[in-house]
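Take a look at the structure set out below.
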Amino acid sequence: MPNAPRSIQSSNGGAAVPPRAGAGLKPAHVEAILSDSYRIGFLEVHAENYMGDGGPPHRALGAIRDNFPLSVHGVGLSIGSEGGLDGTHIARLKKVVDRYEPGLVSEHLAWSTHDNSYYNDLLPVPYDEATLSRVCSHIEHVQEVLGRQILLENPSTYVRYEQSTISETDFIRQIAVRTGCGLLLDINNVFVSATNHHYEPLAYLEDFPLGMVQEIHLAGHAPDVDDEGDLILIDSHDRPVDDRVWGLYETVIARTGPIPTLIEWDTDIPEWPVLRKEAMMADRILDVHAGTDSSSRRRAALG
Amino acid sequence: MQTTVSNREFTAALSDPEKATPEGIRGPDRKKSAKRFDIYRNNVIYGLIEALGDIFPAVERLVGENFFRDMARLYIRANPPDSPLLFRYGKAMPDFLATFEPVAHLSYLPDIARIELAWLDAFHAADRSCFSAADLAAAPESQLDDLRLTPHPATRVIRSRSAAVSIFSATRSGASLSEIDPTAPEDGLVTRPGHDVQIRRLPPGAATFLQSLIDGARLADAAEAAGLEYAEFDLPAAIRAMLEAGAFNKRGQET
């Protein structure tokens with residue numbers, strides 16, 4: 001599917017995800033979200049958690065889906081794998097997507113499966129030509145089976161491959177151009193990777209194809225040290241979004257106009273009001289930049 | 001020519017903390033990468049330990065959190081997951097516990113793990129209606145002996161040579177174990193009649209009766225098998241438990 005036709009890009013089925021703040025859905029928050037007078041813009045789920053046949057997870061997600069737009073975020077496709085994709089897993093993802101008709105479907109520029117073992121983390125890929133064409137063919141395959149566009153998320157990384165010959169932003173741009181996939185810009189990942197690899201996050205965002213971004217992720221990170229005792233950041237999703245990440249976020253939104261923005265919090269999960277406070281912060285920034293013609297801004301950013 | 005690193009080389013080092021970081025994996029400015037690579041190792045192992053803790057909360061409480069985490073590391077090394085569906089991970093835990101010397105004195109522990117796996121299977125099982133007392137009453141009496149039933153997808157029969165059902169229930173609810181004789185054999189039934197998973201103890205013979213029905217036996221044959229195992233098998237009580245628990249979905253057998 002080189003240069004995906006518009007029909008693929010627009011046939012996204014379910015209720016559109018609005019350019020507002022959303023939250024990663026946790027089972028413990030379902031009741032509070034449904035009864036809250038603050039109506040969050042959308043919820044996002046990890047696809048793999050809803051690949052069982054039935055039971056309480058599907059009952060809860062059904063109730064959420066009846067009341068809110070939904071985004072489905074895969075963590076297990078292993079799009080960056082050297083081997084082929086697992087057809088069974090793509091079929092499972094399709095079942096979740098067909099059942100809930102989410103407004104957005106996304107996956108990671110990473111790999112997690114090799115030789116039938118699952119490594120339960122988002123492992124980095126080398127940025128070289130061989131990997132680029134493999135990732136593109138994997139994404140084309142997934143979009144074909146799902147019958148819709150997916151978004152690809154930029155990774156957080158701690159190491160780099162010496163064999164890499166392409167910058168991360170170029171690598172991601174070329175994937176989007178070749179496959180017609182959209183992009184999910186994780187600004188915490190940008191900040192974490194920039195710190196870990198000693199570059200400026202703003203320079204990365206300058207190079208990033210912002211006009212292709214359809215969703216943003218924000219999350220917290222944890223400090224650690226590397227072999228030389230220098231600061232390294234862990235993409236931990238266990239605390240509020242860092243002020244510097246909020247700053248980068250505002251810079252991006254000022255340039256692109258409002259984009260659906262997800263707050264991720266996956267470890268040491270707090271009570272719903274803590275997560276809601278983060279979402280409301282994103283809403284405030286989105287509100288400031290609403291009412292401007294975002295589509296022309298996005299065209300300009302794409303330019 | 002730069003050193004290239006394959007997925008195989010990356011994962012070989014990932015799974016073995018004794019191995020060096022693959023040549024060709026670096027920090028910025030060709031910085032060393034041992035601690036950086038360890039972040040991936042830690043993410044993998046920490047995530048899987050958490051997943052096992054979520055699957056086996058009663059086992060974790062019975063052995064203590066620190067012991068459980070150390071044991072989980074050994075389990076993960078010996079049984080890495082083969083699927084991104086982590087709620088299906090841990091299937092080998094009962095056998096692992098049965099041969100793990102440091103917990104040999106807790107002879108009921110493998111069965112606790114079996115119950116936790118059955119509980120999670122039931123949690124994720126497909127949604128189906130339950131065969132009810134009214135459904136049974138609607139069956140003509142002349143056909144009762146020949147009645148066959150389709151099990152509800154959540155239904156699991158537990159048979160233990162220890163008091164695993166009582167220990168499981170008490171542990172999950174935080175109750176005391178002091179009243180339980182761990183050596184008293186117990187049978188149990190895991191079902192999901194409404195929204196939530198339930199577990200109940202079964203009277204003697206009922207496990208054989210229900211398992212026979214699940215395996216496709218006629219009602220009369222299932223009752224006979226239970227009677228052979230336990231002479232005073234109480235058929236009405238077993239049927240009551242079966243209906244209350246919602247163990248079956250409908251009359252007839254799904255082909």
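The values are calculated or read from the model by the stated rules, or taken from the named source; none is laboratory data. No experiment lies behind these values; they were computed from the predicted model shown. Please note: Cβ atoms are built from the backbone with ideal geometry, for glycine as well, and neighbour counts cover all protein chains shown. Note: areas computed on protein heavy atoms with side chains; ligands, DNA, RNA excluded. Shrake-Rupley method; radii C 1.70, N 1.55, O 1.52, S 1.80 Å.
Among the candidates B:Asp29, B:Asp54, single out the residue that is on the phi < 0 side of the Ramachandran plot and either assigned to a helix (DSSP H, G or I) or over 32 Å from the mean Cα position of the chain (by Cα) (or both). That would be B:Asp54, the only listed residue that is on the phi < 0 side of the Ramachandran plot and either assigned to a helix (DSSP H, G or I) or over 32 Å from the mean Cα position of the chain (by Cα) (or both). Of all the numbered requirements in (1) within 14 Å of another protein chain (Cβ to nearest Cβ); (2) open to solvent by 40 Å² or more (accessible area, probe 1.4 Å); (3) more than 25 Å from A:Asp235 (Cβ to Cβ), B:Gly90 misses one, and that requirement is (2).
Among the residues of the stretch B:74-85, those that are touching a helix residue (DSSP H, G or I) at 6+ places or on another chain (Cβ under 6 Å) and either in the same structural domain as B:Gln253 (by TED's automatic domain parsing) or not aliphatic (A, V, I, L, M) (or both) comprise B:Tyr75, B:Pro84. For B:Glu224, are the conditions met, namely being in a loop (DSSP other than H, G, I, E, B), modelled with pLDDT of 95 or more and either in the same structural domain as B:Asp135 (by TED's automatic domain parsing) or more than 25 Å from the chain's Cα centre (by Cα) (or both)? Spelling it out, it is not the case that B:Glu224 is in a loop (DSSP other than H, G, I, E, B), modelled with pLDDT of 95 or more and either in the same structural domain as B:Asp135 (by TED's automatic domain parsing) or more than 25 Å from the chain's Cα centre (by Cα) (or both).
For every residue, the table says whether it meets (1) more than 14 Å from every other protein chain (Cβ to nearest Cβ); (2) charged (D, E, K, R); (3) closer than 26 Å to A:Asp230 by Cα; (4) touching a residue at least 24 places away in the same chain (Cβ under 8 Å).
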| position | (1), (2), (3), (4) |
| --- | --- |
| A:Gln149 | yes, no, no, yes |
| A:Thr157 | no, no, yes, yes |
| A:Arg173 | yes, yes, no, yes |
| A:Leu184 | yes, no, no, yes |
| A:Tyr199 | no, no, yes, no |
| A:Leu210 | yes, no, no, yes |
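Within the option set A:Val135, A:Val105, A:Val145, A:Val125, being in contact with a strand residue (DSSP E or B) (Cβ under 9 Å, 6 or more places away or on another chain), aliphatic (A, V, I, L, M) and in a helix (DSSP H, G or I) holds for one residue only, A:Val135.
Is at least one residue of the stretch B:100-119 within 14 Å of chain A (Cβ to nearest Cβ) and farther than 21 Å from A:Ser117 by Cβ? Yes: one or more hits.
Exactly one residue out of B:Arg200, B:Arg148, B:Arg159 is closer than 14 Å to B:Ala245 by Cβ and either among the basic types (Lys, Arg) or open to solvent by less than 50 Å² (accessible area, probe 1.4 Å) (or both), and it is B:Arg200.
Considering (1) under 22 Å from the mean Cα position of the chain (by Cα); (2) surrounded by fewer than 19 Cβ atoms within 10 Å (Cβ to Cβ); (3) away from every other protein chain (no Cβ under 12 Å), the lone condition that A:Asp66 does not fulfil carries the number (1).
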